Amino acid sequence: MRHSDALFSGQITFDGRSFQGTPLGFGLQGHNCGYRHRNFWRWAHAYFPRSDGPPSTLEALVYDMPLGMVFRKAVLWHEGKQHVFRKLQEIRSDHKNLQWDFRAFTRTGFELDAAFDGRGPSMHRLSYVKTDCSGSFEVVNNSLASAALRIKQPDGRITELETITGGVVEMAGHKLHSEA
């Protein structure tokens, strides 16, 4: 989850079609939870352009680990600084409708409320084959999701950010947030 505030410029050629831009894309979408031996994961990324300074970005990841443990982490880039959230409380995790809401806190006093909504025509369902080839499972993704953040800084300042299509959300497995 490094450099979620990165900008990508250049050209991509795919199936004879070229896509060019400056920037062409935002953030790092190279998460590593896609190991096919996981029972569940939730991942999201959002990019919020700002007229008053550098963009704000958020990347969040929750997945199961061995021995019943669960990895939880969110990284916010805001006002040019990185804030790492390890205390992440899931409010809603709706696999069917691809909606994920959570609250997170840092040791330094930042509070974050995040809502990702992947419903709509860009939501798609993919079948992943298990690593041991014993079957498959469904992964739901939307790379044009909406996202909303409410950031409360230690000094009490509150910033609210919203994007209609600048979010990405992905879920696999059906473990409920109350079980995590």
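The values are calculated or read from the model by the stated rules, or taken from the named source; none is laboratory data. What you see is a predicted model, and the numbers here were worked out from it, not measured in a lab. So basically every Cβ, Gly included, is an ideal-geometry build from the backbone, and we count neighbours across all protein chains shown.
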Legend entry - Number of the condition not met by Y35 [criteria: (1) more than 15 Å from the chain's Cα centre (by Cα); (2) at pLDDT 95 or above; (3) within 19 Å of V169 (Cβ to Cβ)]: (2)
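Considering only residues that are within 29 Å of V84 (Cβ to Cβ) and surrounded by 15 or more Cβ atoms within 10 Å (Cβ to Cβ), which ones fall in region 124-140?
Scanning region 124-140 gives V139, V140.
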Legend entry - Failed condition for I91, given (1) among the hydrophobic types (A, V, I, L, M, F, W, C); (2) within 14 Å of the chain's Cα centre (by Cα); (3) modelled with pLDDT of 95 or more: (2)
Legend entry - Residue count, region 102-132 (criterion: over 19 Å from the mean Cα position of the chain (by Cα), polar (S, T, N, Q) and over 27 Å from Q153 (Cα atoms)): 2
Inset, instruction - Return the only residue of F116, F110 being in contact (Cβ under 8 Å) with a residue 40 or more places away in the chain, within 21 Å of W41 (Cβ to Cβ), among the aromatic types (F, W, Y) and out of contact with any helix residue (DSSP H, G or I) (no Cβ under 7 Å at 6 or more places or on another chain). - result: F116
Inset, instruction - Within region 126-136, count every residue that is outside any loop (DSSP other than H, G, I, E, B), without any contact (Cβ under 8 Å) to a residue 40 or more places away in the chain and either of a type in the set (A, V, I, L, M, F, W, C) or within 15 Å of W41 (Cβ to Cβ) (or both). - result: 1
Inset, instruction - Check whether at least one residue in region 42-52 is surrounded by fewer than 19 Cβ atoms within 10 Å (Cβ to Cβ), in a loop (DSSP other than H, G, I, E, B), at pLDDT below 95 and charged (D, E, K, R), and report yes or no. - result: yes
